[in-house]
1. Looking at (1) closer than 30 Å to Asp232 by Cα; (2) basic (Lys, Arg); (3) out of contact with any Asp or Glu (no Cβ under 6 Å at 6 or more places or on another chain); (4) touching a residue at least 24 places away in the same chain (Cβ under 8 Å), which is the one condition that is false for Arg164?
2. When region 182-216 is examined, which residues are found to be outside any strand (DSSP E or B), over 22 Å from Val226 (Cα atoms) and modelled with pLDDT of 90 or more?
3. Kindly indicate which of Thr149, Thr172, Thr154, Thr142 is surrounded by fewer than 17 Cβ atoms within 10 Å (Cβ to Cβ) and farther than 21 Å from Asn15 by Cα.
4. Taking region 146-161 on its own, how many of its residues are under 17 Å from the mean Cα position of the chain (by Cα) and in contact (Cβ under 8 Å) with a residue 40 or more places away in the chain?
5. What is the number of the single condition among (1) surrounded by fewer than 19 Cβ atoms within 10 Å (Cβ to Cβ); (2) modelled with pLDDT under 95 that Ala179 does not meet?
6. Please return the ranges of helices (runs of 4 or more DSSP H) entirely within region 1-84 where 2 or more residues are farther than 27 Å from Arg174 by Cα and without any contact (Cβ under 8 Å) to a residue 12 or more places away in the chain.
Amino acid sequence: MVSARTLSVVVPVYNEAATLDRALDRILARPEVDQLVLVDDGSQDGSREILARRAASPKVLVLEHDRNRGKGAALRTGFAAATCDLVLVQDADLEYDPADYPKLLAPFEEDGADVVYGSRFLVGREPRLHPLGHYLANRFLTFLSNVATGLDLTDMETCYKVFRREVLQGFTLRSDGFAIEPEITAKVARLRVKVHEVPVTYDARSYDEGKKITWRDGIRAVGAIVRFAWRD
């Protein structure tokens, strides 16, 4: 149990109206959640109206960007507003299951973890990734990140990352887009804190279902790995 620690869940939202209500229902049903920080990143599909309805809950804080600035910018806004002991990143697209929260939180109590990554590859079967190129790209980017940081992760690009809030306060994030993932990992590695990985379930969506990351983001991730390995 992680009852001694409070949990903020930060959710960046950009045009996720198709899955948003269901995702928020699942998150708010989790007893571990003390604060839900929702950051609308300039949505134009009705997501903002869904979030406005959710703002009535005492657990929910809704923040808005006036235009689309990218996942990294949304996470920076959410991290700054999180007030609990632990801060967990959750996407709004139902690829990741909030039922995994107990697994993600356990290492903080059981082994004094500072950061926990939820790996899609620490399971008995390969996760459902669309398309095959995403699987190969993830493995390559994780390998490159490990070489640059000295960490031994299996899934650097995972959405599921949980931090002691003090760890997040120990560095400044700069990336606006999906390059935020390797930037976070590089800066966590520099702090030499205790990083754990645990297996999580994953049900990937296709581009037809709204997946947003592209090969261009993979190229940007390589640049971020190189850049943030040696400088801020």
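1. So Arg164 meets the others, but not (3).
2. Lys194, Val200, Thr201 - these are the residues of region 182-216 that are outside any strand (DSSP E or B), over 22 Å from Val226 (Cα atoms) and modelled with pLDDT of 90 or more.
3. Going through Thr149, Thr172, Thr154, Thr142 in turn, just one is surrounded by fewer than 17 Cβ atoms within 10 Å (Cβ to Cβ) and farther than 21 Å from Asn15 by Cα: Thr172.
4. Residues in region 146-161 being under 17 Å from the mean Cα position of the chain (by Cα) and in contact (Cβ under 8 Å) with a residue 40 or more places away in the chain: 8 in total.
5. Result: Ala179 passes all but (1).
6. Answer list for region 1-84: 47-54.
The values are calculated or read from the model by the stated rules, or taken from the named source; none is laboratory data. These numbers come from a predicted model, not from an experiment. All Cβ positions, even for glycine, are placed from backbone atoms using ideal geometry, and neighbour counts span all protein chains on display.
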